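These notes are about the structure you will find just below.
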Number of protein chains: 2
Amino acid sequence: MKFTAESILNVTWLRQVAGFPSAGVVVAVSGGLDSMTLLHALHTWCGDNRAPDLHVAHLDHGLRGAAAAADAQLVAETAAQMGLDWTVERADIPHLVTSGGNLEAVARQVRYAFLRRTAERLGAAFVATAHTKSDQAETVLLRLVRGTSLAGLTAIAPLRPLAAGTPVQVIRPFLNTSRRQIVAYAQHHGVRFREDATNHDLSRARNRLRHRVLPELEQLNPQVGSALARLAAQAREDQQYLMEMAQSWLERHARRAGGRLALPVMELLALPPPIRRRVLHAVAQQAEYPAVASRHVAAIEQILLPTDAIGKCVELTGGRQVRRIADALVFTQA
Amino acid sequence: MKFTAESILNVTWLRQVAGFPSAGVVVAVSGGLDSMTLLHALHTWCGDNRAPDLHVAHLDHGLRGAAAAADAQLVAETAAQMGLDWTVERADIPHLVTSGGNLEAVARQVRYAFLRRTAERLGAAFVATAHTKSDQAETVLLRLVRGTSLAGLTAIAPLRPLAAGTPVQVIRPFLNTSRRQIVAYAQHHGVRFREDATNHDLSRARNRLRHRVLPELEQLNPQVGSALARLAAQAREDQQYLMEMAQSWLERHARRAGGRLALPVMELLALPPPIRRRVLHAVAQQAEYPAVASRHVAAIEQILLPTDAIGKCVELTGGRQVRRIADALVFTQA
């Protein structure tokens, strides 16, 4: 096994990403094994390539009590030893989670807002996170278990805009790297880390998959993690292409006026089912019509064809509706 | 729970299948729970709809010794009681499996050849098999574990040509029916069956998924079987559409002459990656070039772009090769 930074970073691909790392990289570091190893490998590789300095960002979620202070201290010490600047912030996630709220989802939202703020303040084009091939495989399985279509199988993106309205992109240099490779690299280089502080946002479902299901599947195929990660990558290409077809159809056929959006029924019916399904999903997911889910798409398809469906209506959540009129499907806001 | 034939057969869909059941149906019956229940439900439903008689087909694989005779007897008795004709044949699968051959694969091949022969002899348009939603979910998981792309997720087809060169189609009326529904129906109607003789062709991998992995996943989502079956159905639509795009491109761009097939490189490069991948797969899978697998597709893509790849060659199995010449990719036979 090789222990170079190049061997655990996806460098062939990283070199093809425009602006990486020269346009500035904020590394999200929890203090755990994966992110401390990412920091070590990126720092080594950037040094070899005379790239500008990385910036280290650490968020204390306010969930780990005294251990959190030690996490933050290790991250800051490591950054200082590397001669890098760092930003440490503290959030109070338990306080932010309203009753019935999802702790994981809130923690994620606050963490990414912090990373975005940090990158924008520094004018950095990238936020690097340490998601691994093992995380990818678990995410694919989790989506499969909860119910998904091709869109869900795309799982974790190797590179994507951090959010609408910012030029910052999230990049995952470890998405093709297995946990085993990371452990070996960390041992070889004496990478310091603390018991992974991100474990707190592993849901019970993910833990169950990691500790009970994946070992069982590895009995059948020791390479199952790679197989699932490869599926995610191909699904991403397929889904992106199909979505482009749907978007291009929408640009040509959707008519908007006064908070209404109308789609021509005959043209919808002429579409191949995979494109029609995605057109309805895309319309449904636009900001004004956020509430249409898969079961709504199925219901809408029911009123597309029959002439006796004219006048019929599918209720979406939030008081929105879709009505079939003579030759169009009309989406209205509440 | 309802116990009518309509409630466990996918009748809304069956009614849309041209020629079913009026064009003749051979029911594949092993004597096990699933297929004996399928026979009972189809017989009831066809009787209610004044359809022509079903024909019952049973193959003794020569794998179960004395038990096989009892299987065949139960199937024949049941058919006779229903007033249906039946065909029972005996194969010697162990004798047909050469050393190192795959018993399951050979058994499947012999069984489908028998079903095809029986349907063609009777002029029946359909062979009905008792694959269930549970089989579908297991097949999706099995493909995922072994490594698959979208094509593999399509899993078991609800309706497909039995083989090239025959008009007979295989139909699966239980593909949306869970094992639980089948058990309930069989108990309610006193359907007789024998310990499923098809269990012998369940691979160890499938048994492991059924008994160890799926129960674990059901802890996370009791409806995981339905979720996987729905994914298979959507994957089938997506994959079919993408394959049609690839086939249509091939018809317009492939040039054939003297056992060679040439694809224009510039046009290949202009294709969206999901279509390009499928074009290469489709060429590879045609009878003359059967040996190109996913890794070959990846290797071929490597010699598409760089000008210094001109003259380079990817070796396929069986002595076949693909060579990049100036402006084309040329597939040659051994």
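Please state which one of A:Ala105, A:Ala124 is over 30 Å from B:Thr154 (Cα atoms) and assigned to a helix (DSSP H, G or I). Give the derivation first.
On the way: A:Ala124 fails: assigned to a helix (DSSP H, G or I).
Criteria check complete, one pass: A:Ala105.
In this structure, does A:Glu120 turn out to be touching a residue at least 24 places away in the same chain (Cβ under 8 Å), in contact with a helix residue (DSSP H, G or I) (Cβ under 7 Å, 6 or more places away or on another chain) and assigned by TED's automatic domain parsing to the domain that holds A:Asn207? Even if it seems obvious, please write down each step before you answer.
On the way: touching a residue at least 24 places away in the same chain (Cβ under 8 Å): yes; in contact with a helix residue (DSSP H, G or I) (Cβ under 7 Å, 6 or more places away or on another chain): no; assigned by TED's automatic domain parsing to the domain that holds A:Asn207: yes.
It is false that A:Glu120 is touching a residue at least 24 places away in the same chain (Cβ under 8 Å), in contact with a helix residue (DSSP H, G or I) (Cβ under 7 Å, 6 or more places away or on another chain) and assigned by TED's automatic domain parsing to the domain that holds A:Asn207.
How many residues does region B:127-142 hold that are among the polar types (S, T, N, Q) and either outside any helix (DSSP H, G or I) or not assigned by TED's automatic domain parsing to the domain that holds B:His43 (or both)? It would help to see each step written out before you state the result.
The initial filter retains those residues of region B:127-142 that are among the polar types (S, T, N, Q), namely B:129, B:132, B:134, B:136, B:139.
In the following step, the residues that additionally are either outside any helix (DSSP H, G or I) or not assigned by TED's automatic domain parsing to the domain that holds B:His43 (or both) were identified as B:129, B:132.
The qualifying residues number 2.
Just wondering, is there one or more residues in region A:196-208 that are in contact (Cβ under 8 Å) with a residue 60 or more places away in the chain, more than 23 Å from A:Leu63 (Cα to Cα) and not basic (Lys, Arg)?
Kept after step one, since they are in contact (Cβ under 8 Å) with a residue 60 or more places away in the chain, are these residues of region A:196-208: A:196-201, A:203, A:205-206.
From the residues that got through so far, the ones that are more than 23 Å from A:Leu63 (Cα to Cα) too are none.
No, region A:196-208 has no match at all.
Looking at region A:273-290, I want the residues that are under 20 Å from B:Arg236 (Cα atoms) and open to solvent by 40 Å² or more (accessible area, probe 1.4 Å) and have a partner that is of a type in the set (D, E, K, R) and modelled with pLDDT of 75 or more with Cβ atoms under 6 Å, at least 6 apart or on another chain. Which pairs are those?
A:Pro273/B:Glu237
Are any residues in region B:263-274 more than 31 Å from the chain's Cα centre (by Cα) and hydrophobic (A, V, I, L, M, F, W, C), and if so, which ones? Even if it seems obvious, please write down each step before you answer.
Let us first name the residues in region B:263-274 that are more than 31 Å from the chain's Cα centre (by Cα), namely B:264-267, B:269-270.
Selection gives B:Val265, B:Met266, B:Leu269, B:Ala270.
Test each condition in (1) β-branched (Val, Ile, Thr); (2) modelled with pLDDT of 95 or more; (3) open to solvent by 30 Å² or more (accessible area, probe 1.4 Å) for B:Val29 and report the one that comes out false.
(3)
When region B:57-79 is examined, which residues are found to be within 19 Å of B:Tyr112 (Cα to Cα) and in contact with a strand residue (DSSP E or B) (Cβ under 9 Å, 6 or more places away or on another chain)?
Within region B:57-79, B:Ala57, B:His58, B:Leu59, B:Asp60, B:His61, B:Gly62, B:Ala68, B:Asp71, B:Ala72, B:Val75 meet the criteria.
Which numbered condition in (1) surrounded by fewer than 21 Cβ atoms within 10 Å (Cβ to Cβ); (2) at pLDDT 95 or above; (3) not charged (D, E, K, R) is the only one that B:Ile182 fails?
(1)
Among the listed residues A:Ala130, A:Ala163, identify the single one that is away from chain B (no Cβ under 14 Å) and either surrounded by 15 or more Cβ atoms within 10 Å (Cβ to Cβ) or among the polar types (S, T, N, Q) (or both).
Working: A:Ala163 fails: either surrounded by 15 or more Cβ atoms within 10 Å (Cβ to Cβ) or among the polar types (S, T, N, Q) (or both).
From the options A:Ala130, A:Ala163, the qualifying one is A:Ala130.
Being surrounded by 15 or more Cβ atoms within 10 Å (Cβ to Cβ) and not in a helix (DSSP H, G or I) is the filter here, so list the residues in region A:58-80 that pass it.
A:His58, A:Leu59, A:Asp60, A:His61, A:Gly62, A:Leu63, A:Arg64
Please work out if A:Ala124 is modelled with pLDDT of 95 or more, open to solvent by less than 20 Å² (accessible area, probe 1.4 Å) and over 21 Å from the mean Cα position of the chain (by Cα). Can you show your working first?
Values: modelled with pLDDT of 95 or more: yes; open to solvent by less than 20 Å² (accessible area, probe 1.4 Å): yes; over 21 Å from the mean Cα position of the chain (by Cα): no.
No; evaluated as a whole, the condition is false for this residue.
For region A:32-45, name all the residues that are surrounded by fewer than 21 Cβ atoms within 10 Å (Cβ to Cβ) and assigned to a helix (DSSP H, G or I).
First pass over region A:32-45, keeping only residues surrounded by fewer than 21 Cβ atoms within 10 Å (Cβ to Cβ): A:32, A:44-45.
Correct list: A:Thr44, A:Trp45.
Mind telling me which of the residues B:Val145, B:Val170 ends up being part of a helix (DSSP H, G or I) and open to solvent by less than 20 Å² (accessible area, probe 1.4 Å)?
After ruling out the rest, the residue left standing is B:Val145.
Scan region B:81-97 and give yes if some residue there is crowded, with 20+ Cβ neighbours inside 10 Å and within 21 Å of the chain's Cα centre (by Cα), otherwise no.
Among the residues of region B:81-97, at least one is crowded, with 20+ Cβ neighbours inside 10 Å and within 21 Å of the chain's Cα centre (by Cα), which makes the answer yes.
Any residue at all in region B:208-227 that's hydroxyl-bearing (Ser, Thr, Tyr) and more than 7 Å from chain A (Cβ to nearest Cβ)?
Step one: filter region B:208-227 for residues hydroxyl-bearing (Ser, Thr, Tyr), giving B:226.
Subset that is more than 7 Å from chain A (Cβ to nearest Cβ): B:226.
Yes, the conditions are met somewhere in region B:208-227.
A:Thr12 fails exactly one of the following numbered conditions: (1) over 19 Å from A:Val183 (Cα atoms); (2) β-branched (Val, Ile, Thr); (3) crowded, with 20+ Cβ neighbours inside 10 Å. What is the number of that condition?
Only one criterion in (1) over 19 Å from A:Val183 (Cα atoms); (2) β-branched (Val, Ile, Thr); (3) crowded, with 20+ Cβ neighbours inside 10 Å is unmet by A:Thr12, namely (3).
Scan A:Leu268, A:Leu250 and give me the residue that is modelled with pLDDT of 85 or more, under 23 Å from A:Asp238 (Cα atoms) and either touching a His at 6+ places or on another chain (Cβ under 9 Å) or within 14 Å of chain B (Cβ to nearest Cβ) (or both). Can you show your working first?
On the way: A:Leu250 fails: either touching a His at 6+ places or on another chain (Cβ under 9 Å) or within 14 Å of chain B (Cβ to nearest Cβ) (or both).
None of the others qualify; the one that does is A:Leu268.
So which residues in region B:98-121 are aliphatic (A, V, I, L, M) and surrounded by 15 or more Cβ atoms within 10 Å (Cβ to Cβ)? Talk me through it step by step, then tell me what you get.
The first filter runs over region B:98-121 and keeps only residues aliphatic (A, V, I, L, M), leaving B:103, B:105-107, B:110, B:113, B:115, B:119.
Across region B:98-121, the qualifying residues are B:Leu103, B:Val106, B:Ala107, B:Val110, B:Leu115, B:Ala119.
The values are calculated or read from the model by the stated rules, or taken from the named source; none is laboratory data. The shown structure was predicted, so the numbers you read here are calculated from the model rather than taken from an experiment. All Cβ positions, even for glycine, are placed from backbone atoms using ideal geometry, and neighbour counts span all protein chains on display. Ligands, DNA and RNA are stripped out before the accessible areas are found, and what is left, the full protein with its side chains, is counted by its heavy atoms. Shrake-Rupley method; radii C 1.70, N 1.55, O 1.52, S 1.80 Å.
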